[in-house]
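Shown next, in structure tokens, is the structure this report addresses.
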Amino acid sequence: MKFPAVPGKMIGSRYNEAKEIYASLGVDTEKAMKTLSSVKISMHCWQGDDVGGFEVNETGLTGGIMATGNYPGRARNADELRKDAEKAFSMIPGKQRFNLHAIYLESDNKFIDRDKVSARHFSRWIEWAKEQGIGLDFNPTFFSHPKSSSGMTLSNPDKAIRKFWIEHGIRSREIASEFSGKLNGRTVNNLWIPDGMKDIPADRSGPRQRLLESLDEIYKSKVAGDVKDAVEGKLFGIGSEEYVVGSNEFYLAYSITRKKLVCMDMGHYHPTETIHDKLSAVLPFAPELLIHVSRPIRWDSDHVVIMNDDLVNLAKEIIRCDALGRVYLATDFFDASINRIGAWVIGVRSLQKALLIALLEPSGTLRKLELAGRNAEKLALSEELRALPFGDVWNFYCESKSVPAGASWIGELEKYEKDVLSKRK
Ligand code: RNT
Ligand code: ZN
């Protein structure tokens with residue numbers, strides 16, 4: 001099938017017109033593109049293989065999260081995953097980052113348990129990141145393991161199990177520290193645990209007290225390099241509908257008092273609750289935070305991110321709060337029912353488009369109208385802004401970064417599926 005690429009000759013002329021249109025509203029398109037180019041999105045490794053990972057004793061995905069579908073072509077090993085990520089990067093404008101989970105280790109067919117994992121097992125990832133000129137982020141993996149099958153890890157009443165997971169947390173920070181040192185930059189190390197209960201607990205505070213102590217133990221020592229520790233709460237998971245130990249309130253309080261980053265995942269709140277309003281509430285107290293960019297449909301379903309209102313509202317808040325340097329963006333979704341490289345590219349490009357829309361907003365004018373009490377004018381202007389030719393700026397931006405503009409990348413996706421993915425059995 002042919003996909004409507006924007007005719008190359010038109011991209012420049014359409015951009016020039018768009019530039020003038022935005023300039024008439026006081027918006028500088030060049031500046032917007034320059035700012036967009038400075039944003040590095042941490043693309044999650046786990047869309048590439050449905051959160052399977054490469055442990056020798058792979059147990060399958062557990063922990064209250066779920067990837068549904070069995071579209072052919074998932075990456076079966078780290079080499080394939082790297083190749084797929086490179087393909088995705090070739091269709092995403094600008095250099096980004098890559099986000100690894102501990103289960104994506106490479107241990108040459110030897111079983112390495114979570115309490116023994118170390119930077120050595122990620123040396124090929126570090127080499128690859130150097131070649132790509134990108135930074136790496138990290139996540140300890142507290143799910144898909146026999147010692148998490150009771151649904152309790154860092155909050156487990158059994159001291160030995162708790163200790164096992166604390167050790168995993170400590171080792172993960174060391175790996176993050178190695179990433180930061182070897183790649184000469186920051187590494188966000190995000191901790192999420194599945195701990196919770198299906199039905200009404202007799203004791204809600206005990207597990208939380210134990211989690212608190214386990215976390216303090218993990219973060220007790222300083223690690224070298226620029227490691228940003230983040231903690232991610234949520235409302236519920238499959239099998240933990242009634243109670244999640246690491247709830248949003250728990251981690252918000254923890255992160256503020258312990259000077260950690262809180263991670264807000266767009267799918268981890270009540271189904272009608274969105275996160276854009278939370279930024280200006282948390283930022284006065286938290287120097288930095290992490291966002292897991294996801295798309296919940298009716299529940300924390302981790303659908304591929306698209307440029308919907310939730311995403312655009314989030315992007316606008318980041319820009320309006322002038323918080324680009326304080327808010328780290330990491331994608332987090334896993335759809336196993338479609339081409340996985342496509343999923344990555346759709347998600348990251350959608351986030352970039354949302355940021356571009358936000359950067360092209362005449363926010364000063366909207367604010368002035370609000371202050372003057374001209375609220376009909378404010379609403380009218382923001383509605384008219386939706387019809388502005390942001391797509392012409394986007395296409396020009398893609399072209400300036402030497403990646404396909406418009407829908408033309410879909411052809412490349414199809415070709416890669418035919419040449420590479422369809423050959424994986
Ligand atoms: C789970 C959290 C968590 C995971 C990844 C795989 O609900 O969102 O971030 O998606 O760690
Ligand atoms: Zn998440």
Problem - Leading residue by the ranking (farthest from ligand 2 (Cβ to nearest atom)) among those in segment 265-281 that are outside any loop (DSSP other than H, G, I, E, B) and either in contact with a helix residue (DSSP H, G or I) (Cβ under 8 Å, 6 or more places away or on another chain) or farther than 16 Å from G233 by Cβ (or both) - result: S280
Exercise for the section: Would you check if there is a residue in segment 18-39 being farther than 17 Å from P389 by Cα, crowded, with 16+ Cβ neighbours inside 10 Å and charged (D, E, K, R)? Expected result: no
Fill in the blank from the handout: Within segment 189-202, restricting to residues that are assigned to a strand (DSSP E or B) and within 12 Å of ligand 2 (Cβ to nearest atom), the one that is surrounded by the most Cβ atoms within 10 Å (Cβ to Cβ) is N190
Fill in the blank from the handout: Of (1) under 19 Å from the mean Cα position of the chain (by Cα); (2) among the hydroxyl-bearing types (S, T, Y); (3) within 30 Å of G69 (Cβ to Cβ), S255 satisfies every one except (3)
Handout entry: Residues that are under 14 Å from C45 (Cα atoms) and more than 16 Å from ligand 2 (Cβ to nearest atom), drawn from segment 292-344
Key = A336, R340, I341, G342
Handout entry: Subset of segment 219-244 [within 16 Å of ligand 2 (Cβ to nearest atom) and either without any contact (Cβ under 8 Å) to a residue 60 or more places away in the chain or aliphatic (A, V, I, L, M) (or both)]
Key = D229, A230, V231, G233, L235, I238, V244
Completion exercise
All conditions in (1) modelled with pLDDT of 95 or more; (2) surrounded by fewer than 21 Cβ atoms within 10 Å (Cβ to Cβ); (3) closer than 24 Å to S422 by Cα; (4) not β-branched (V, I, T) are true of D50 except (2)
Completion exercise
Among the residues of segment 116-169, the number that are more than 16 Å from ligand 1 (Cβ to nearest atom) and either touching a Gly at 6+ places or on another chain (Cβ under 7 Å) or in a helix (DSSP H, G or I) (or both) is 26
Problem - Filter result for the condition that a residue is under 21 Å from G52 (Cβ atoms) and either touching a strand residue (DSSP E or B) at 6+ places or on another chain (Cβ under 6 Å) or in contact (Cβ under 8 Å) with a residue 40 or more places away in the chain (or both), over F143, F164, F179 - result: F143
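The values are calculated or read from the model by the stated rules, or taken from the named source; none is laboratory data. Predicted model, so just to flag it, every value in this text is computed and none were measured. Cβ sites come from the backbone with ideal geometry, for glycine too, and all protein chains shown count toward neighbours.
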